[in-house]
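All remarks here apply to the structure that follows.
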Amino acid sequence: MKAFTLVSVAALSVTATLASAEEVSIWVRTSTAPILEELATRYNDSHDDKIDVVPVVAEQMVPKLGAALAGGAAPAAVAMDLIYMPTFAAAGMLEDMTGFIDGLPYADALSPSHIRLGTYEGKKYGVPLTPDASVIVYNTDMLAEAGVDPETLGSLEGIKDAAIKIGALGDETYGFMYVGNSGSWMVYDFMPHIWAAGDDILSDDGREQTVDTPAMRETLQLYADMWAAGATHPTTRSGNGNAAVEAFASGQVGILMSGSYIVNLLTANYPDVNFDIAPIPGPTGGQATFAGGDDVTMVKGISDGQKALVEDFIQFYLEPEQQVLITELSGMPSRTDIADVAYADFDPRNLIAYDVLKSGRTPYTYANDELFVSLTGPWLEMLETGIFDGDVDGAIDTASERFEQILKRTNP
């Protein structure tokens, strides 16, 4: 009888433990899924509660999440491209995480742009997961052969002069390249030129356009000059990111607009390429970067148990050990206070992007896709007209009008 009672008590204890265990699903872009899946595996191996990672194709994330929220079938949490955080926060679809975030002992060390994009009307809705930063990468051998001092890349004017000199090395050699037919890529790589000069394309609250600035005119003109001079790789206008990396790695291109991931990518796949990276400059100087990546956010209305589990998982992946893993897999940690730990065993060139991330920028907008991503939107139209057609004045005038129209229609 005593043995039966002990067994019964043990069984009840196990049942109670199982009943109290939580499980939450976190949706994530497919590009970030391998990182989040590895973090979840580590967490699940050491906890009773479980994190279930659900990859979603990046282009389908926003419409799929919107439909799920409307239908009451949304996940507990989402690792969301930070650019969309203002839209979902303004729509009242996200859980207020202000108290949790402010209570973290390293709250001030979280990527500033990720926190800013996750803030709406003074409340914070997201924690950075996988930051990245746009940079320029240059072939040191090609610069040396062309007689270019890397220090001259500290301004876009210097990049233009260097690109023309590198292009003169041979018929199949070009000084400059970027992904010119993608709105997302061009915000990532082009906008830092404007920020580095102290200008912007939108107001701080994202409600007004500021397209027509001296920096925008100067930057468009310098890009147009490089294109007209034949210093820009011809597939810049139509190619993709993979093609751009291959062109750089094969020695066709001397200077490439890229991202912080490029250091690990080149060292792993193209070890014979001699390169370095630098912050993105303004027309005459300064430096800036686009802070990209994902925020982890919680869906409005989840249970207290689910909320506690997501918060515990966030604290888990923000621990130094997991920050090293994130750095290994994506090139950059979520926190800006642990460089000595995160980069102890990694290429020191990563630190260039890491340092500039602390002052990184991201457009705060409720209409990202209409303004910047759409193939028929005002951003890509301005770049096409200004750079490749050479009509800078017309490009800016039209973009200013179209930005204004879209913002009036979409501002919450």
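Of the residues Ile255, Ile262, only one is closer than 29 Å to Arg116 by Cβ and among the β-branched types (Val, Ile, Thr); which? Give the derivation first.
Details: Ile255 fails: closer than 29 Å to Arg116 by Cβ.
So the residue among Ile255, Ile262 that is closer than 29 Å to Arg116 by Cβ and among the β-branched types (Val, Ile, Thr) is Ile262.
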All positions within the stretch 360-412 that are open to solvent by less than 20 Å² (accessible area, probe 1.4 Å), among the β-branched types (Val, Ile, Thr) and not in a helix (DSSP H, G or I): Thr362, Thr365
Filter pass, Asp141 being under 30 Å from Gln252 (Cα atoms), open to solvent by 10 Å² or more (accessible area, probe 1.4 Å) and without any contact (Cβ under 8 Å) to a residue 60 or more places away in the chain: no
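Would you mind stating whether Asp161 is open to solvent by less than 30 Å² (accessible area, probe 1.4 Å), of a type in the set (Asp, Glu) and in a helix (DSSP H, G or I)?
Working: open to solvent by less than 30 Å² (accessible area, probe 1.4 Å): no; of a type in the set (Asp, Glu): yes; in a helix (DSSP H, G or I): yes.
Judged against the criteria, Asp161 is not a match.
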Flag if Lys300 is more than 20 Å from Tyr106 (Cβ to Cβ), in contact with a strand residue (DSSP E or B) (Cβ under 8 Å, 6 or more places away or on another chain) and surrounded by fewer than 18 Cβ atoms within 10 Å (Cβ to Cβ): yes
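So, in the stretch 268-295, of the ones that are β-branched (Val, Ile, Thr) and within 21 Å of the chain's Cα centre (by Cα), which residue ends up surrounded by the fewest Cβ atoms within 10 Å (Cβ to Cβ)?
Keep residues of the stretch 268-295 that are β-branched (Val, Ile, Thr), which gives 273, 277, 280, 284, 289.
Filter again for within 21 Å of the chain's Cα centre (by Cα), leaving 277, 280, 289.
On the way: Ile277: 22, Ile280: 27, Thr289: 30.
Within the stretch 268-295, the match that is surrounded by the fewest Cβ atoms within 10 Å (Cβ to Cβ) is Ile277.
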Checking Gly175 against (1) crowded, with 18+ Cβ neighbours inside 10 Å; (2) under 30 Å from Tyr366 (Cα atoms), the condition it does not meet: (2)
Positions within the stretch 59-116 being among the hydroxyl-bearing types (Ser, Thr, Tyr) and in a helix (DSSP H, G or I), in sequence order: Tyr84, Thr87, Thr98, Ser113
Residues that are within 15 Å of the chain's Cα centre (by Cα) and open to solvent by less than 60 Å² (accessible area, probe 1.4 Å), drawn from the stretch 337-359: Ala353, Tyr354, Val356, Leu357
All positions within the stretch 197-232 that are open to solvent by 20 Å² or more (accessible area, probe 1.4 Å), of a type in the set (Gly, Ala, Ser) and closer than 19 Å to Ala162 by Cα: Ala228, Ala229, Gly230
Flag if Ala168 is more than 15 Å from Met382 (Cβ to Cβ) and out of contact with any Ser or Thr (no Cβ under 9 Å at 6 or more places or on another chain): yes
Residues of the stretch 109-136 satisfying the condition of being among the acidic types (Asp, Glu) and in contact (Cβ under 8 Å) with a residue 40 or more places away in the chain: Asp132
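The values are calculated or read from the model by the stated rules, or taken from the named source; none is laboratory data. Just so it is clear, the structure is predicted and the values come from calculations on it, not from any experiment. Neighbour counts are summed over all protein chains in view; Cβ atoms, including those assigned to glycine, are modelled from backbone coordinates with ideal geometry. Each accessible area value is taken on the protein alone, full model and side chains, heavy atoms only, with ligands, DNA and RNA left out. Shrake-Rupley method; radii C 1.70, N 1.55, O 1.52, S 1.80 Å.
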